[in-house]
Each structure stands twice: as structure tokens, then as C-alpha cells.
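This report concerns only the one structure given below.
The values are calculated or read from the model by the stated rules, or taken from the named source; none is laboratory data. Everything quoted here is computed from the prediction, not taken from an experiment. Please note: Cβ atoms are built from the backbone with ideal geometry, for glycine as well, and neighbour counts cover all protein chains shown. What goes into the accessible areas is simple: the full protein's heavy atoms, side chains included, and nothing from ligands, DNA or RNA. Shrake-Rupley method; radii C 1.70, N 1.55, O 1.52, S 1.80 Å.
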Amino acid sequence: MLYRRSLSSRIFAVFNMTFLVGMALLCLAPLVHVLAVSFSASSAAKAGLVTFWPVDFTLQSYRFVAERPEFIRSILISVERVLLGTLLNMLLTVLIAYPLSKDARSFPRRTLYVWIFVFSMLFSGGLIPWYMVIKETGLLNSIWALVLPGAVPVFNVILLLNFFRGLPKELEESAFIDGGGYWKSLWRIYVPLSAPSLATLTLFAMVGHWNSWFDGLILMGTPEKYPLSSYLQTVVVQMDIQSMIGSDLASLQQISDQTAKAAQIFLGALPILLVYPFLQRYFVTGMTLGSIKE
């Protein structure tokens, strides 16, 4: 006998679908507007005529961005930061979460260490001590100043250790019976079974490093070493005219402040937009499985 949904159930399904589609369109609207502005003429952007479709289509803003060596250099620095930072974040997250996921019999001081990590997440020494530590360790003006201070993402550690605690203990016990140790159990059992959670945390780490701009402004002494987000803060938000050469000023006569900002903002968000679809299918599963327990 086929199951027939009631009228109220069907009405709810239609309402729910309409609501979700509407929310998705609201989320896409700002990005589509920025893209339309970046392809529009400066006169149309200044007059506020651009909504969700380019007016007087032009690529001048993207030519202006592509001809700036500072923009290309900042992208390369951001890519290097994302690769190094994400690799270090995930390695330390796995190595810390695995022992902390054990019970008190296997790791007697496990609770103490968990509270230490939670305390460091809730309280910090402040901006000046943070800067002084990085300065005294000789990390200023190097890529490691952008990577090492945030090498241990405590929130990600908590998510992953909770995921590890949800895996059957019998799997690890069987590995011990076969002669394996903790290292083999971690890399042969826990890591392969944690693909959804690890993919989610990898996405968190990548987005965090790519969008971080404040530390680049503070820790990098020259604009030539700024990552992309810090570069966008100085050039797009502040639009430093004094640092531009003559050809840049001539290009600004054909584009506007709005179109230049829109082009660089869209190019800055494009890499994450390209990566996200490949990891999105793990996102919901990883978040729910990593947040069941304490």
C-alpha cells in the first residue's frame, strides 16, 4: 500500500521549499550585485543604476586589477598561507584531538588538558602581548607570522575529539589485538573514518586563512608582503592614491571606486567559491557528527 502524504504535509513541504529557495536567493543577491557592478561602466555604477545585471558591459576594472603586480603578489602570498596554515592546522588538530578523545583510564589527565585548551579559547593575553611574543620570536615580516600563532584551532580540536569519541572502541581494540599501536590506530582507523569531519575542518581552516586580514596589517611591515585580504583592506577600502603610479591614475579615469572594489572583492572570494562545492557534501555530516558529545 502506497503512503499518501496528507494535505497539511504537502502544504508544509511547498512552504518549506519556497522559504529555502528564497533564503538561497537572498544569500546570492549580494554576490550577484557585486559581480554586476564589476562588469559595469563607471558612470552607471556612480549613478546607482546597476542591480543584478551589468550596465554598459566592460572589463576595464578587471584589466586594472590584473595589471597591478601588488594584487598578483598578494594572491600568491595568500595561497602560500592557506597551504601552509591548513596543513599545519589539520596536522596539529588530529594529533591533539586523538589523545584527548580517550577516557580517563587511558589518559588520566585528559580532563585537565581539555580545560586548558578551552581556557585558551575563552581568554587571551590581548593584542599587545600577542604582538610582542611574535616580535621577540623573530617571526615578523615572514609567512610564519601568519601561520604559527593560530596553528592550533581549539574549536576544531573540540569538534574532532568529539567525533573521535563517537567511533566504536572495538575498532581500536581489534587493531591492538592484531599488534598495532596507537599510531597505526590513528592513521589506519580514525583518520579514514573521519573524512566528513576532516573535510569540514579543512574548509574552516582554508576560509579562515584566506579571509584573515588584520594580522597581515599588524605583522607585515611592508605592503609587498600583505596577503590578499590585507591588500584589499588597504587598496580597496582605503584606496591609497599616493601609492599609485601614473598609469593607475589614468585607469581610474575610466573606472570608478565602486567597480574597482567590486572586481577585487569578487576575485578575492572566487577561490573559496571554487573550493567550497567539492567539500560541501561533507559539511552537514561533519558538523553533526562532531557535535554530538561534549
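Assorted remarks:
- Karplus-based coupling profile of the range 136-147, in residue order and whole Hz: 5, 8, x, 9, 4, 6, 10, 5, 5, 5, 8, 10, with θ = phi - 60° in 6.51 cos²θ - 1.76 cosθ + 1.60 and x standing for Gly or Pro.
- Grouping the Cα pair distances of the range 7-58 into 10 Å bins from zero gives a pair-distance distribution of 26, 30, 19, 16, 9, 1 percent in increasing distance order.
- Two-decimal ratio, the chain, of alpha-carbon radius of gyration to 2.2 N^0.38 Å: 1.28
- Calculated diffusion of the range 1-130, Stokes-Einstein form, Kirkwood radius summed over Cα pairs, 37 °C and 0.692 mPa s, µm²/s: 152 µm²/s
- Sequence-separation-based contact order of the chain, relative, with Cα cut under 8 Å and 6+ spacing, percent: 30 percent
- Applied to the range 17-34, the Karplus parametrisation 6.51 cos²θ - 1.76 cosθ + 1.60 on θ = phi - 60° returns per-residue 3J(HN,Hα) values of 5, 4, 5, 5, 5, x, 5, 4, 5, 5, 6, 7, 4, x, 5, 5, 5, 4 Hz, with x for Gly and Pro.
- Rounded to the nearest 20 debye, dipole of the chain from Cβ charges on Lys, Arg, Asp, Glu: 940 debye
- Solvent-accessible area of Trp213 with every protein chain in place, 1.4 Å probe, in Å² to the nearest 10: 100 Å²
- Across every direction, the projection of the convex hull enclosing the Cα atoms of the range 37-100 has a mean area of 7.1 nm².
- Counting only lysines at least 8 places from Lys169 when in the same chain, those with an alpha carbon closer than 20 Å to its own are Lys102, Lys184, Lys293.
- Within the shell of other residues whose beta carbon sits under 15 angstrom from the beta carbon of Leu267, the net charge comes to +2, with Lys and Arg scored +1 and Asp and Glu -1.
- In Hz, Karplus ³J(HN,Hα) per residue of the range 38-54 (6.51, -1.76, 1.60; θ = phi - 60°; x = Gly, Pro): 5, 9, 9, 6, 5, 5, 5, 5, 5, 7, x, 8, 8, 10, 10, 9, x
- For the range 19-77, the solvent-accessible area works out to 60 Å² per residue, with a probe of 1.4 Å and every protein chain left in place.
- Relative protection proxy for 82-93, 195-206, 177-188, from highest mean packing down: 195-206, 82-93, 177-188 (other beta-carbon atoms within 10 angstrom).
- Residue among Phe164, Phe12, Phe64 with the largest mean-square fluctuation in a Gaussian network model of the chain, springs linking Cα atoms under 10 Å: Phe12
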